[in-house]
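First up is the structure itself, then whatever we jot down about it.
The values are calculated or read from the model by the stated rules, or taken from the named source; none is laboratory data. What you are looking at is a predicted structure, and each value in this text was computed from that prediction instead of being measured. With ideal geometry, Cβ positions are generated from the backbone for all residues, glycine too; neighbour counts draw on all protein chains shown. Areas reflect the complete protein model, heavy atoms only, side chains present, ligands, DNA and RNA absent. Shrake-Rupley method; radii C 1.70, N 1.55, O 1.52, S 1.80 Å.
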Amino acid sequence: NQTFFDVSNLFYNCYNLTLINWDLKDYKISNVNKMFYNCSSLITFDFNSKEIIEKINMTKMFYNSINIRNITFSYSSSVKIIPNDISYMFYNCQNLDVLKLNDFNTHKVLYINFLFYNCRKLEYLYLDNSNFSNTLITGMRGVFQNCESLISLDLTNFYTSNVEIMWDMFNGCKSLQNLNLSNFDTSKVTDMHSMFEGCSNLTSLNLNHFNTTNVQY
């Protein structure tokens with residue numbers, strides 16, 4: 001019962017793989033790093049698990065899965081996904097339409113850089129659950145960069161008290177009309193270079209609470 005499985009790189013470069021029928025609920029997964037790296041033909045995947053070890057490494061899990069449209073995380077009510085690294089997780093998932101991460105518990109996450117980079121068709125992103133906090137994170141570079149179909153984004157549950165880098169965070173979000181950053185703590189941020197570059201449909205943005213004392217760029 002205490003055996004944990006490392007499935008990192010399991011389907012690495014499986015370019016022609018379109019469908020996977022595999023129920024993970026009987027496994028305790030500890031590492032999914034690059035699990036579907038470059039699976040450019042994969043269309044959908046349901047991550048079903050009943051027990052997941054804390055501090056699971058999920059970095060680059062779907063990296064460059066350019067045709068994936070649906071990703072679902074399913075697990076019992078007693079289990080939460082508690083990763084320590086989700087950087088580049090959905091990097092260049094260009095055809096991903098809707099993603100629900102409401103039940104992700106990210107209070108132990110260390111890295112989030114380029115999380116949704118180039119998710120060009122992502123219209124809806126659900127991050128409403130209060131567990132989506134990231135108090136340990138120091139860098140948010142390019143998290144939403146080139147998410148050009150996102151219309152609205154509510155990040156009130158993002159805790160940024162230790163973040164130092166916000167470079168390119170919303171760069172290229174050309175459809176974004178509503179952006180709520182009301183709880184952003186920027187007191188430690190040193191770099192905001194190109195943070196809102198290309199947000200051509202953003203008509204208003206309240207940054208009155210931004211503390212830019214340490215900002216250099």
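Quick look at the values:
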{"read-out": "Among 40, 194, 204: highest mean-square fluctuation, GNM of the chain, C-alpha pairs under 10 Å", "value": "204"}
{"read-out": "Probe 1.4 Å - accessible area at residue 154, Å² to nearest ten", "value": "80"}
{"read-out": "Accessible area (Å², per residue) of the chain, counting only protein heavy atoms and a probe of 1.4 Å", "value": "47"}
{"read-out": "Selection from 35, 111, 153, by position along the positive dipole direction of the chain (Cβ)", "value": "35"}
{"read-out": "Solvent exposure, largest accessible area first (probe 1.4 Å, DNA, RNA and ligands not counted), of 111, 88", "value": "111, 88"}
{"read-out": "Fully extended contour minus Cα-Cα distance, from residue 180 to residue 16, at 0.36 nm per residue", "value": "55.1 nm"}
{"read-out": "Value of Rg to Rh for the chain (Rh from inverse mean 1/r over Cα pairs, i.e. Kirkwood)", "value": "0.97"}
{"read-out": "Alpha-carbon gyration tensor eigenvalues x 5, square-rooted, for region 106-217, Å", "value": "20, 16, 13"}
{"read-out": "Accessible area of the chain belonging to carbon and sulfur atoms, whole % at 1.4 Å probe", "value": "42"}
{"read-out": "Of all DSSP beta bridges in the chain, antiparallel share, percent nearest 5", "value": "0"}
